[in-house]
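**Q** Have a look at the structure that comes next, please.
The values are calculated or read from the model by the stated rules, or taken from the named source; none is laboratory data. The structure presented is a predicted model; accordingly, all values stated were derived computationally and were not measured. Note: ideal-geometry Cβ built from the backbone for every residue, glycine included; neighbour counts use all protein chains shown. When the accessible area is computed, the model is the full protein with side chains, heavy atoms only, and any ligands, DNA or RNA have been set aside. Shrake-Rupley method; radii C 1.70, N 1.55, O 1.52, S 1.80 Å.
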Amino acid sequence: MERVSKTNYYLDIAQTVLERSTCLRYRFGAIIVKNDSIVSTGYNGAPRGRKNCTDIGKCVCGGEDGSGESRETCRAVHAEMNCIISATREQMLDSTMYLCGVDAASGEIIKDANSCQTCRRMIINAGISKVVIRSSPTCFVTYNVRDWVLNDDSIGY
């Protein structure tokens, strides 16, 4: 039996975390790892005490039509955000975030998943150094957060 790589091991854990997600459209799970220890986990869902999309039976991402065009109207706190607010800055400095997303209806891994602009800004300020995103059961893309700081205009000026 071949041993799973450490990266896919952590991505498997992030994929298990997303099973707690309450979004009807996209389910995401994230974990932060530093020095081979899991620092925190997070999944997307409504803020504590508020009703989740699964509770109200509809997703309001992008407005009442559910078009998904605007993440700003989404009820959910993103997996990356929940992961970051569950850790201290000291724990996150020079850590790695592992992220996995699936389509809630099909269960298929979202091949081109990436953090939104707000999550990227939070990841930068948290001091996380790398983000690893699952693109298939065994494949992933690794982002150096420093590159986001230096080269990524999508997070604004």
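**Q** Pairs needed: first member in region 121-134, within 20 Å of Ile110 (Cα to Cα); second member anywhere, modelled with pLDDT under 95 and not basic (Lys, Arg); C-beta distance under 6 Å; at least 6 residues apart or different chains.
**A** Ile133/Ala113
**Q** Any chance you could count how many residues in region 108-136 are closer than 23 Å to Val4 by Cβ and modelled with pLDDT under 95?
**A** Qualifying residue count, region 108-136: 2.
**Q** Applying the selection to region 33-46, what residues are surrounded by 12 or more Cβ atoms within 10 Å (Cβ to Cβ) and out of contact with any Gly (no Cβ under 9 Å at 6 or more places or on another chain)?
**A** Val33, Lys34, Ile38, Val39, Ser40, Gly45, Ala46, listed by residue number.
**Q** What's the number of the condition Gly62 fails, among (1) assigned to a loop (DSSP other than H, G, I, E, B); (2) out of contact with any Asp or Glu (no Cβ under 8 Å at 6 or more places or on another chain); (3) modelled with pLDDT under 95; (4) open to solvent by less than 70 Å² (accessible area, probe 1.4 Å)?
**A** Unmet for Gly62, out of (1) assigned to a loop (DSSP other than H, G, I, E, B); (2) out of contact with any Asp or Glu (no Cβ under 8 Å at 6 or more places or on another chain); (3) modelled with pLDDT under 95; (4) open to solvent by less than 70 Å² (accessible area, probe 1.4 Å): (2).
**Q** Can you name every residue in region 12-27 that is more than 11 Å from the chain's Cα centre (by Cα) and either in a helix (DSSP H, G or I) or on the phi > 0 side of the Ramachandran plot (or both)?
**A** Once the filter is applied, which keeps residues that are more than 11 Å from the chain's Cα centre (by Cα) and either in a helix (DSSP H, G or I) or on the phi > 0 side of the Ramachandran plot (or both), region 12-27 yields Asp12, Ile13, Thr16, Glu19, Arg20.
**Q** Another question, then. Being charged (D, E, K, R) and assigned to a helix (DSSP H, G or I) is the filter; apply it to region 97-148 and report the residue that is most open to solvent (accessible area, probe 1.4 Å).
**A** Arg146
**Q** In this structure, does Ala30 turn out to be buried (at least 24 other Cβ atoms within 10 Å of the Cβ), of a type in the set (Gly, Ala, Ser) and assigned to a strand (DSSP E or B)?
**A** Yes; evaluated as a whole, the condition is true for this residue.
**Q** Then there's this: For region 80-96, which positions are in contact (Cβ under 8 Å) with a residue 60 or more places away in the chain and touching a Phe, Trp or Tyr at 6+ places or on another chain (Cβ under 9 Å)?
**A** Correct list: Thr96 only.
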